[in-house]
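Input: a single structure, listed below in structure tokens.
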Amino acid sequence: MPTVNLGLTTFYDGAPIPGGPGWSASVYSSRYEGRRITDSRGDKIGLPKSTTSVDATALQLIYQDGASKNVNWGLSFILPVLTKAEVNDGLNNAVLKAQDGVADLRAGAFLQFEPLMGKNGPIFAHRLELDVVLPTGKYNKDRAINPGANFWSVNPYWAATLWLTPRTTVTWNAHYLWNAKNNAPSPALYGADVKNVQAGQAVHINFNAAYAFTDQLHAGINGYWLKQFTDTKVNGNAVSGRREQVFGIGPGAMYSFSRNNILYANLYFESGAENRAEGNRFVLRWVHKL
């Protein structure tokens, strides 16, 4: 699976970009500490150690038009960078190796619907976006962990926020993921005779329940869930036992310094992982209206 939005966006994700139409920027900083790498049964893989540590930073530029009163179009561009990528297999990295560097560019176009208003404020807001992940990132087939995936992905989503009360909200962001072929897969993961690998299709969802304690401070519970629902193909043939899944949940907070500057902090504890790392994730995000 390529790197996707697992818990990066949370509070009021379906609402229009803070600060109004025009250009905005987001800076993401995340740290992932993997306790173990799991097999198809969710058990630790058969190595002396299987811990991972990944630090990443991403810059996002967003443009939202404001000509319409009902629905407006927009563009989004995200460029992540792995500033640190480490894996410890307990064998002096004879089996698993990692590298850092610039990751794949994500480009998207969206439709932002204006909030449905009630007598006490907004009731519901949502957005539809089509994202494409371009294989522009650094990739080496001899590394098990790479900044780039070495294949194209299509990753549309629907984000929505529902106001249960003027201060209580529920937000979700539901994605579908389709992946093209990787024509230079890792021999350490698939064997030297494998010419191409195509990750299966998947769904992944971010969710958030929040309460506004003040106009500036909002806090709540955030989570994500990923589930691969078709088999990975190896040399064009579907192979069972390689589907990925993971669930993460934890606390989060958002603080609005102003409409033009907002800070988000989220912590996640993962469980139920299969065929991927399982650990803890911390995400810090700053949104600024340009």
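FYI, it's all coordinate maths here, none of it is from the lab. Just so we're clear, the structure is a prediction, and the values are computed from it rather than from any experiment. Counting neighbours? That spans all protein chains shown, and the Cβs are built from the backbone with ideal geometry, glycine included.
A compact table of results
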quantity: Alpha-carbon gyration tensor eigenvalues x 5, square-rooted, for region 226-284, Å; calculated: 35, 14, 7
quantity: Centroid-to-centroid separation of region 49-73 and region 103-136 [C-alpha atoms, Å]; calculated: 10 Å
quantity: Per-pair calculated FRET efficiency, R0 = 41 Å: ASP65 and ARG41 via Cβ, rounded to 0.05; calculated: 0.25
quantity: Extension reserve of the TRP178-GLN216 stretch, reckoned as 0.36 nm per residue once the Cα distance is removed; calculated: 9.9 nm
quantity: D (Stokes-Einstein, µm²/s), Kirkwood Cα radius, region 1-153, 1.306 mPa s at 10 °C; calculated: 89 µm²/s
quantity: Sorted by Cβ density within 10 Å, fewest first, the residues ILE249, ILE145; calculated: ILE249, ILE145
quantity: At 0.692 mPa s and 37 °C, Stokes D of region 62-113 from Kirkwood alpha-carbon radius, µm² per second; calculated: 230 µm²/s
quantity: Ordering of 180-189, 211-220 by packing [mean C-beta count within 10 Å, highest first]; calculated: 180-189, 211-220
quantity: Förster-model FRET efficiency, 35 Å R0, MET117 and PHE282, C-beta, rounded to 0.05; calculated: 0.50
quantity: In the chain, lysine pairs with alpha-carbon atoms under 21 angstrom apart (chain gap of 8 or more, or interchain); calculated: 21
quantity: Highest to lowest packing among 7-16, 192-201, scored as the average C-beta count within 10 Å; calculated: 7-16, 192-201
quantity: Size of electric dipole in region 22-289: Cβ of Lys, Arg +1 and of Asp, Glu -1, about Cα centre, debye, nearest 20; calculated: 80 debye
quantity: Burial ranking of peptide ranges 229-241, 257-269, 107-119 (average Cβ count within 10 Å, highest at the top); calculated: 257-269, 107-119, 229-241
quantity: Whole-percent pair-distance distribution, where bins are 5 Å wide, for the alpha carbons of the chain; calculated: 1, 6, 11, 16, 19, 17, 11, 8, 6, 3, 1, 0, 0
quantity: Gyration tensor (Cα) of region 151-290, equivalent ellipsoid semi-axes in angstrom; calculated: 37, 15, 14
quantity: Environment charge of THR83, counting only residues whose C-beta is closer than 12 Å and scoring Lys/Arg +1, Asp/Glu -1; calculated: -1
quantity: Cβ-Cβ FRET estimate between SER258 and ALA192, R0 fixed at 45 Å, reported to 0.05; calculated: 0.20
